[in-house]
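Working notes, structure below.
Computed from the coordinates by the stated procedures, all read-outs in this text should not be read as laboratory data. Everything numeric in this text was worked out from a predicted model, so none of it was measured. Heads up, the Cβs are rebuilt from the backbone with ideal geometry, glycines too, and the neighbour counts pull from every protein chain shown.
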Amino acid sequence: MQIREIIKLIERKKAEKILLLCHHNADPDAICSAFAFSSLLNRIHSNLKIKIAAAQGPSRLSKQLLKFLPIILLEEPNFEKIDMLVLLDTNTIQQLDGWAEHVKASKAPLIVIDHHASHPDTEKLAVLCIADETASSTCEIIYRFFKELNVKFTKEEAQALFLGMAFDTRHFILANSYTFKAVAELLNHGINAKEALSMLSLSMDLSERIARLKASRRMKIMKINNWIIAFSYVSAYQASAARALIGLGAHVAIVAGEREEALRISLRATNDFYERTRIHLGRDIAKPLGEYFHGMGGGHAVAAGVNGVGDAEAALKRCWKILRLKLKSTRI
Ligand SMILES: [Mn+2]
């Protein structure tokens with residue numbers, strides 16, 4: 001009965017101006033959950049003035065969804081005169097970049113709603129932390145709020161919740177039976193699944209297509225222990241190009257590029273590569289590479305990036321050296 005707790009809190013604090021905050025580069029789960037949540041609260045108390053904001057603006061994909069859903073994002077929210085703050089899909093205030101300080105300094109009570117494990121520092125700041133790791137997405141938590149209150153979905157609310165769930169479960173690959181039950185119900189509210197899912201794919205512009213094709217033309221292939229490593233360089237869209245090389249069949253793709261002295265390297269690997277070698281691209285490759293090139297490197301196991309200073313060719317050579325050593329010591 002978490003939503004009832006939130007409503008009680010709003011009533012007790014006589015909160016009227018509520019600010020919903022999404023993490024930087026807000027993804028569809030973040031903006032859609034914020035939209036559906038604001039819409040739900042407004043249906044309970046129509047006097048509430050709820051605003052939504054995303055640190056550094058929404059992601060490119062989220063921007064596309066803004067064309068289809070009536071979501072309005074504030075660019076620079078005013079943290080003064082706010083009665084209540086709610087963090088959605090965000091479990092640390094660091095994910096709010098520059099706004100973190102405003103949240104820390106604010107006297108307004110803070111509520112956190114997320115499907116990631118709650119962070120101890122955030123728990124100290126918040127009056128209420130809803131961190132439900134059983135939910136596929138923040139949108140699934142908001143879906144449950146509607147059910148708890150027995151509020152019927154409008155078409156727009158259902159569509160937003162559907163899109164957030166679809167995005168966070170990678171088009172339902174990661175969904176469990178609860179997600180499918182929720183989705184089945186949402187689809188009864190006049191949503192066309194095929195149409196909605198197509199909103200979640202971005203069309204590629206011409207320069208990105210050319211970058212990918214150039215990267216594949218310039219690609220050098222190395223083989224070690226039956227792993228295929230592809231190296232290439234392009235001056236823009238390194239991440240997209242690296243993904244493309246994985247799509248072509250490489251186990252690991254490393255694409256470097258330089259622009260006005262700035263060096264960028266994108267690294268991608270297949271899940272299979274990480275599972276068998278335990279080589280973590282962010283920790284084992286990107287981090288030392290970033291340090292070597294006087295910049296920063298890091299990321300996830302199968303997707304990482306480096307920013308530094310230097311030339312692309314030297315970067316690829318260095319990268320191959322680190323990776324080869326790692327692979328030789330694993331012998332897998
Ligand atoms: Mn999420």
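Brief remarks on what is shown
- With both residues required to sit in the chain, DSSP beta bridges show an antiparallel share near 45%.
- Among C139, C129, C32, residue whose mean-square fluctuation peaks in a GNM of the chain (springs only between Cα atoms under 10 Å): C129
- Partners for K326 among aspartates and glutamates (Cα-Cα distance below 13 Å; same-chain residues under 8 apart left out): D284
- Most mobile listed residue (H280, H189, H45) in the chain, GNM with C-alpha springs under 10 Å: H280
- Members of K67/K287; K17/K124; K107/K152; K49/K107; K51/K155; K13/K104 lying beyond 28 Å, as alpha-carbon distances in this model show: K67/K287; K107/K152
- A cut-off under 13 angstrom between Cβ atoms defines the neighbours of A239, and their net charge, with Lys, Arg +1 and Asp, Glu -1, is +4.
- Local charge for T134 was computed over the other residues whose Cβ lies under 12 Å away, with Lys and Arg +1 and Asp and Glu -1, and equals -2.
- Filtered trypsin sites (Lys or Arg not before Pro), the stretch 13-102: DSSP coil and at most 12 other beta carbons within 10 Å: K14, K67, K81
- The residue list L248, N226, G299 was ranked by how far each Cα lies along the charge dipole of the stretch 207-330 toward its positive end, using unit charges on Cβ atoms, and N226 comes out on top.
- Backbone HN-Hα couplings from phi across the stretch 279-295 [Karplus 6.51/-1.76/1.60, Hz, Gly and Pro as x]: 7, 9, 4, x, 7, 8, 10, 5, 5, x, 5, x, 5, 4, 9, 6, x
- In sequence order, calculated HN-Hα J values of the stretch 227-233 (Karplus, 6.51, -1.76, 1.60; Hz; x Gly/Pro): 9, 9, 10, 10, 10, 7, 8
- Selected from A36, A312, A15 as most flexible by GNM, with the chain as the system and alpha-carbon contacts under 10 Å: A312
- Candidate aspartates and glutamates - alpha carbon under 19 Å from K220, same-chain residues fewer than 8 apart omitted: E258, D311, E313
- Among the GluC sites (Glu not before Pro) in the stretch 227-303, those placed in a DSSP loop whose Cβ has at most 12 other Cβ atoms within 10 Å are E260, E261.
- A straight chain from N47 to L197 at 0.36 nm per residue would run longer than the Cα-Cα distance by 50.6 nm.
- Cut-off 14 Å between beta-carbons: net charge of the residues surrounding E5, Lys and Arg +1, Asp and Glu -1: +2
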